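**Q** Before I ask anything, let me first share the structure, which is written out below as structure tokens.
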Amino acid sequence: MKKTTILSLLALLGTAFAEQVTILGINDMHANIDNLPHLAGFLKKERARTPGALLLAAGDNRTGSPYVDAVSQPGLPMIKLMNQLGFNLSTLGNHEFDSGRTMLRDCLDAADFPFVCANVRVKSGAELNLKPYHFFERNGVRICVLGLIQTGDNGLPDAHPEQLKDISFRNPFEAVRDYAFLRDKCDILLLLTHLGFEDDVKLAQLFPEADAIIGGHSHTRVEKETIVNGVLVTQAENKVKFISRLVFDVENGKVKSRAYELISLPDFPADESMAASVAEVKNNPDMLRELTVVKSPINRRESLGCMMADAIRDAAGTDIGVVNMGNVRLDSFPAGSIRVEDCFRLDPFGNKTAVLQVSGAELIAFLNAVPATDHHGAPCVSGMRYKATKAAGERKPMRITEACLEDGTPITPDKIYTMATNSYLLSTVPARPADPGKALELDGADSMIMYLEKQNTIDYSEISRADVTVE
Amino acid sequence: MTVYVNDIETKIFQGATAQDAARRFSTDTGTPLSPGQLYDSWGNIIAPDSPMTEGRRIYTVRPR
């Protein structure tokens, strides 16, 4: 009887010391600002329930919306919205580097919350407001969050190398071992990573000191509680569609239990104040910036396609540019200003510009096969012109009978040319060149903005580079 | 780079997404793609713009 009473008392004492900590994780928001009012609506409810909940972002907060990326201070509008949402911490994703170190520095400085990343090193004099880890305290529970970013085969994150000048990166799997000491400095140890789910699984196997990984990069929807080597591995897909909720019960400095839930955000009513802020971001005059002047109305879709092909060829620095007609979303364009927002109307798809080497024979075979995958018509080209015949009807291949470079030099079957095209064509055209190619960190609209702002005026009204006879 | 779609080796350009890989698989094998979800080897749904890496395995039907 006496023993039972003591045990009951101990159990009660244990309960008295148990504290609950809620962590909210989101990743790869990719500037999908239209969903932020729903996130704000969710946060309002959640914070009323659990006022101390921490809100963490696992990188790639930006890149995905012209209102955030194509403005005079790229990335900054997203940081301002994240400040308003009350983020507590973020790690860096590869896309945080998309506008270079100086712009990243400005974004980090503008954030009301810290950024953590343990495997990035910046040259002296070029420092970023960044640290490897950060401590929080909630209800007497000490929480440490360590940040990590992915690196590819070249030792760099998936960003344009030009944008990574003065910055070096360590392999995240090696770097993490230097931080095993953090286990003894906190009650909950979290890894806030931008590695991808499969690599987070590998990380969990290497670093069982962590209680949980809040991951990003692979846009994986982890719906079920996934525990690897004792580590809870989470990720909430992308574009502010979901958020992860992790609840830890901590007793006497030890995590006694954890629970994981993936919550769908569009189900929550939009917060009006955040909706107003998003509307303000969309009203940015930068989107109306004039890039150049169109001298005469462009009345042919093919002519607009030639302009887009010129743009990707110019951006990629290749001999040839190829765009499919289905990628050209306007049929005509009036004389006058062409503005930033027009580039996103012309090419709203966000397909990446890709480069590869092709022989003349491969180039002709590729072009001949484009209509088989794009029923809108013959491909639009830059740096060359061609004559072809095509059977009537959709998705019939064409047959090029004559092709030459823009100076009139015939395209030679065994000569090697560099070609820029889009990622859609590169993955769907049946005639596959031997070189699989490489996507640049640049989409069609980005290429167009870069190309057009270099031109004083443009005149594509009479431009046609394909003479196709339908038989 | 080489990735695997439904356990079939698929050559795809560097920087490709899961959707690019699925399209290449469809083009190469003549398998029509239904507009359904894509999955990783754990059976998690992945977004179409999920970046592909060397050797990654994705599926057009949820793996068991």
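Read the figures in this text as sums done on the coordinates, not as results from a lab. On a predicted model such as this, the values are computed, not experimentally measured, just so you know. Cβ placement follows ideal geometry from the backbone for every residue including glycine, while neighbour counts extend to all protein chains displayed.
**Q** Testing the spin-label approximation: label points 7 Å from Cα along Cα→Cβ at A:Gln20 and A:Ile227. State their distance in nm.
**A** 1.9 nm
**Q** Just want the ordering: A:Leu288, A:Leu39, from fewest to most Cβ atoms lying within 10 Å of their own Cβ. Spell out each step's value before the answer.
**A** Values: A:Leu288 12, A:Leu39 25.
In order of increasing Cβ crowding within 10 Å: A:Leu288, A:Leu39.
**Q** Cα to Cα, under 19 Å, and not fewer than 8 places away if on the same chain: which aspartates and glutamates meet these conditions relative to A:Lys282?
**A** Partners found: A:Asp34, A:Asp69, A:Asp271, A:Glu272, A:Glu290, A:Glu341, A:Asp342, A:Asp347, A:Asp446.
**Q** What relative contact order, as a whole-number percentage, does chain A give when Cα pairs under 8 Å and 6 or more residues apart are counted? Please report the intermediate quantities before stating the final value.
**A** On the way: 1095 pairs, mean separation 70.0, N = 471.
Computed value for chain A: 15 percent relative contact order.
**Q** Size of the dipole of region A:79-202 about the Cα centre, Lys and Arg at +1 and Asp and Glu at -1 on the beta carbon, nothing else charged, in debye to 20? Before the final figure, lay out the partial values.
**A** On the way: 14 positive and 18 negative charges, 76 e Å.
In total the dipole reaches around 360 debye.
**Q** Looking at A:Gly196, A:His217, A:Leu232, which one has the Cα that reaches farthest to the positive end of the dipole of region A:106-264 (charges on Cβ: Lys, Arg +1; Asp, Glu -1)?
**A** Of A:Gly196, A:His217, A:Leu232, it is A:Leu232.
**Q** How high is the FRET efficiency between A:Ala126 and A:Asp249 when r is their beta carbon distance and R₀ equals 60 Å, given to the nearest 0.05? The partial results should precede the final answer.
**A** Details: r = 43 Å, r/R0 = 0.72.
It comes out at approximately 0.90.
**Q** Could you give the length gained by full extension between A:Ala335 and A:Arg183, i.e. 0.36 nm per residue of separation minus their alpha carbon distance, to one decimal place? The partial results should precede the final answer.
**A** Values: separation 152, 0.36 × 152 = 54.72 nm, distance 6.44 nm.
Here the segment from A:Ala335 to A:Arg183 would lengthen by 48.3 nm.
**Q** Under a straight-distance cross-link criterion of Cα-Cα below 13 Å, which aspartates and glutamates are reachable from A:Lys256, leaving out those fewer than 8 residues away in the same chain?
**A** Reachable aspartates and glutamates: A:Glu19, A:Asp187, A:Asp211.
**Q** May I pose another question? Which percent, nearest 5, of DSSP beta bridges in the protein assembly as shown are antiparallel?
**A** Here the share of antiparallel DSSP bridges comes out near 65 percent.
**Q** Given the alpha-carbon gyration tensor of region B:2-59, what are the semi-axes of its equivalent ellipsoid in whole angstrom, ordered largest first, with each equal to the square root of 5 times an eigenvalue? Spell out each step's value before the answer.
**A** Working: eigenvalues 40, 37, 22 Å².
For region B:2-59, the semi-axes come out at 14, 14, 11 Å.
**Q** Need the full-extension length gain, A:Lys387 to A:Glu162, defined as separation in residues times 0.36 nm minus the C-alpha distance. One decimal, nm.
**A** This chain segment gains 77.1 nm when fully extended.
**Q** Rounded, prolate or oblate: which fits region A:195-274 when a ≥ b ≥ c are the square roots of the eigenvalues of the alpha-carbon gyration tensor, with rounded for a/c under 1.5 and prolate only if a/b beats b/c? Before the final figure, lay out each step's value.
**A** On the way: a/c = 2.72, a/b = 1.43, b/c = 1.91.
In terms of gyration-tensor shape, oblate.
**Q** Pull out a ≥ b ≥ c, the square roots of the eigenvalues of the alpha-carbon gyration tensor of region A:18-167, then state rounded if a/c is under 1.5, prolate if not and a/b is larger than b/c, and oblate in the remaining case.
**A** Details: a/c = 2.16, a/b = 1.38, b/c = 1.56.
Oblate, because a/c is 1.5 or more while a/b does not exceed b/c.
**Q** Fewest first, what order do A:Cys306, A:Cys186, A:Cys404 take by the number of other Cβ atoms within 10 Å?
**A** Details: A:Cys306 24, A:Cys186 20, A:Cys404 13.
Going from sparsest to densest Cβ surroundings: A:Cys404, A:Cys186, A:Cys306.
**Q** Here is a further query. Over all Cα pairs of the protein assembly as shown, how is the pair count split among 20 Å bins, expressed in % and running from 0 up to the last occupied bin?
**A** Here the calculated profile for the protein assembly as shown is 21, 50, 24, 5, 1, 0.
**Q** If you don't mind, another one. With +1 on each Lys and Arg Cβ and -1 on each Asp and Glu Cβ, how big is the dipole of chain A about its Cα centre, in debye rounded to the nearest 20? Walk me through the intermediate numbers first.
**A** Working: 50 positive and 62 negative charges, 231 e Å.
Value, rounded to 20: 1120 debye.
**Q** Using the charge dipole of the protein assembly as shown (Lys, Arg: +1 at Cβ; Asp, Glu: -1 at Cβ; taken about the Cα centre), state which of A:Ala420, A:Val255, A:His38 has its Cα farthest towards the positive end.
**A** Positive-most Cα among the choices belongs to A:Val255.
**Q** Could you calculate the FRET efficiency of A:Ser296 with A:Arg395 from 1/(1 + (r/R0)^6), where r is the beta carbon distance between them and R0 is 51 Å, rounded to 0.05?
**A** Values: r = 33 Å, r/R0 = 0.65.
Approximately 0.95, to the nearest 0.05.
**Q** Once a ≥ b ≥ c are taken as the square roots of the eigenvalues of the Cα gyration tensor of region A:15-282, is the result rounded (a/c under 1.5), prolate (a/b larger than b/c) or oblate (a/b not larger than b/c)? Mind dumping the intermediate values first?
**A** On the way: a/c = 1.68, a/b = 1.11, b/c = 1.50.
It comes out oblate by the Cα gyration axes.
**Q** Please rank A:Glu462, A:Glu341, fewest neighbouring Cβ atoms within 10 Å first, as an exposure proxy. Mind dumping the intermediate values first?
**A** Values: A:Glu462 10, A:Glu341 17.
So the residues, fewest neighbours to most, are A:Glu462, A:Glu341.
**Q** Place a +1 charge on the Cβ of each Lys and Arg in region A:290-470 and a -1 charge on the Cβ of each Asp and Glu, then give the dipole magnitude about the Cα centre in debye, rounded to the nearest 20. Provide the component values of the computation, followed by the final result.
**A** Numbers: 19 positive and 24 negative charges, 107 e Å.
It comes to approximately 520 debye.
**Q** Beyond a 24 Å Cα-Cα separation, which of these cross-linked pairs lie in this structure: A:Lys202/A:Lys438; A:Lys352/A:Lys390; A:Lys131/A:Lys185; A:Lys80/A:Lys454? All intermediate terms of the calculation are to be shown ahead of the outcome.
**A** Details: A:Lys202/A:Lys438 26 Å; A:Lys352/A:Lys390 28 Å; A:Lys131/A:Lys185 16 Å; A:Lys80/A:Lys454 30 Å.
Result: A:Lys202/A:Lys438; A:Lys352/A:Lys390; A:Lys80/A:Lys454 exceed 24 Å.
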